[in-house]
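Worksheet: one structure, shown below.
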Amino acid sequence: MSAMKIDIRSFLLACVVVSASLCSSLWAQSEVDRATELGRSGDWTAAKQALRPVLNTPAYQTNGRAWFVMGFIHKELHKSTGEFGSDAPERLEAITCLQRAMQLGMNPTDRAVAVEAMDFLSRSYFREAIGMVEGFTWGSTDEIQALYGRYEALEMSLNPTKDLAPQRSDLSRYLGQAHAMLLESESPRSSAELKAIFEAAIGHYGDALKGNPNDYAAQYNLAITLYNEGVRKLKRINHETSMFELMEIQDGCIDLFERALSPMQAAHAQQPNRLETLKGLMTLHYALSQKTASDAYRAQIEQILGNR
Amino acid sequence: MNRLTSKQIQSMHAVSDELSARQASPSFSTRERKVMVRGKERFGSSTWKSSRVARGFIAALICCICGIDVPTLEAQSQFTQTSTLDESDTRSITKANFLFHFAASNEWPSEFMEGPFRLAIIGNPSLHAILSDKYAMKSIGLQSLEILGFEDVASLESAPFVHVIYCEESGAKLQRIADAISNAPVLLISDASDGLQNGALINFVSVNNRIRYEINSEEAAKRDLLIGNRILSWAVK
């Protein structure tokens, strides 16, 4: 009799536990559905408010679909608010939620959409990084690299075998060129700032060439940046320049011209009949007072132009 | 891989922001070509999926027909261009400053230290332009500096007295110029391997890729030209 009482009690307890669990699960499911419906109607803010407060409750902590929906909502909010920057909160939240959803597991359809969403978010970082390079301002390199870093991390999480070295190399080249453009702009800058910009340009081209030693544009642009810096130094000579300063400036310029020669020759080796490199070599040798070599490149240019 | 222009990309694709993000990718492989649906996504609904597939197929078809690869970052970027070479004449910039110092740091007989100080350039319009641009309004001592440019030696004959002549002739031609001014305190400057042998008083030479100069100070003294110590100290010979 006593054993039977215990069994009934156990049975009732089990019923309570099971029904509580079912209710909890149903309740959880309903929050997800509600958020989904709100999302479908375009009210992403309300969708977020419906799901976010309960997401960390026990009922949802292991619910992959809930995290997936939350991630998707954050992604849409990121788009609609127009937020930007490597620390844009909605985008970061979207990634966190989607990554958690993928860890927890989802049905194949949700998983495919989650991958698409992550892919989009990843590319949005890349797009922003490139946008900042195109409208480059001095001092924005760290943010550009942070954006690119997030892009790279996401891409690697989606496809760990993907080779991102060419893209990183491209980014470095663009950064080099962006810095070089600043040097050529007429905005007033202190000599210390100009020196830092020049050094940064050379550093970025160096990084680009480490990633891709055969990058023609990086080789050519590096050579041009070095050469043009030498020319800028020469142009600063005026009637107040002493003989000593003239000699010193000339030494600095020749050093830059000599440094420019190697990447220009490397670019030329890749595309031997390209006129811009032939012209570059002709000009460099002329600046280095190497008339015979300069004349030889001039003759090659004339021959190519004559054959056209 | 063919690169697209921004306009081609714009006209080929819809304006979905997600698509734009894809266009920003620098190196899509063919396998990675995907087209995102513009507008609202449906959390995996069949409508959404079929629409996506259809749009993807159309976009892929357009790409194939046009014979173009998937748009890349470079296609939209100003960075497709290589940098621009500064075409300034570097040797002339350096020489111009040397010539200014030669004019300013040497001494002419007193009767030639009145009126304008004339510096003539024969046959190097680039050097003449740089000198005129940078130094024409300057003075040499109490004399105003005049920069004169001549196409050839013949046109110099009708010119008034010049204190400095720079020419790039060599050999017998240079010697003829030197002979024509042998009795006058004219500082003849050349840029020739045989410059000093053929009558130039200062000759530009190349030393370790740098522009330097050599001086025939004895000949200068014969013409009553006093070469300044600063000029002498930097001469290679």
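Placing +1 on the Cβ of every Lys and Arg and -1 on the Cβ of every Asp and Glu, with nothing else charged, gives the range A:124-212 a dipole about its Cα centre of roughly 160 debye.
The string of couplings for the range B:173-179 from the Karplus curve (6.51, -1.76, 1.60, θ = phi - 60°) is 4, 5, 4, 5, 5, 4, 5 Hz, one whole number per residue in order, with x for Gly and Pro. Computed on the range B:176-237, with alpha-carbon pairs under 8 angstrom and 6+ residues apart, the relative contact order is 27 percent. Shown for A:Met70, A:Met243: other C-beta atoms within 10 Å of each C-beta, ranked fewest to most, produce the order A:Met243, A:Met70. Counting only Cα atoms, the range A:87-183 measures 53, 28, 15 Å along its principal axes, largest extent leading. When you count the other C-beta atoms within 10 angstrom of each residue and take the mean per peptide, A:171-177, A:283-289 line up highest first as A:171-177, A:283-289. With the gyration tensor restricted to C-alpha atoms of chain A, the semi-axes of the equivalent ellipsoid amount to 64, 20, 16 Å, longest first. From helices alone, chain A scores -27500 deg cm²/dmol at 222 nm; the rule is -39500 (n - 2.57) for each run of n ≥ 4 DSSP H residues, then divide by the residue total. Counting Lys and Arg as +1 and Asp and Glu as -1 over every other residue whose Cβ lies under 15 Å from the Cβ of B:Lys138, the net charge comes to -1.
What's the local net charge at B:Phe112, with K and R +1, D and E -1, over the other residues with C-beta under 13 Å away? After counting each charged neighbour, the total is -2. For chain A, the relative contact order is 9 percent, taking Cα pairs closer than 8 Å that sit 6 or more residues apart in sequence and dividing their mean separation by the residue count. Counting, for every residue in A:232-238, the Cβ atoms of other protein chains within 10 Å of its Cβ and taking the mean gives 5. Compared with the dominant principal axis of the Cα atoms in chain A, helix A:2-40 is inclined by about 40°. Cβ-to-Cβ counts within 10 Å put A:Trp67, A:Trp138 in ascending order as A:Trp138, A:Trp67, the fewest first. Charge tally for A:Gly211 (other residues, Cβ to Cβ under 14 Å; Lys, Arg +1; Asp, Glu -1): -2.
Every number in this text was worked out from the coordinates using simple rules, so none of it is lab data. Worth saying up front: this structure is predicted, and the values here are computed from it rather than measured. A quick note on method: Cβ atoms are made from the backbone with ideal geometry, for glycine too, and the neighbour counts reach across all protein chains shown.
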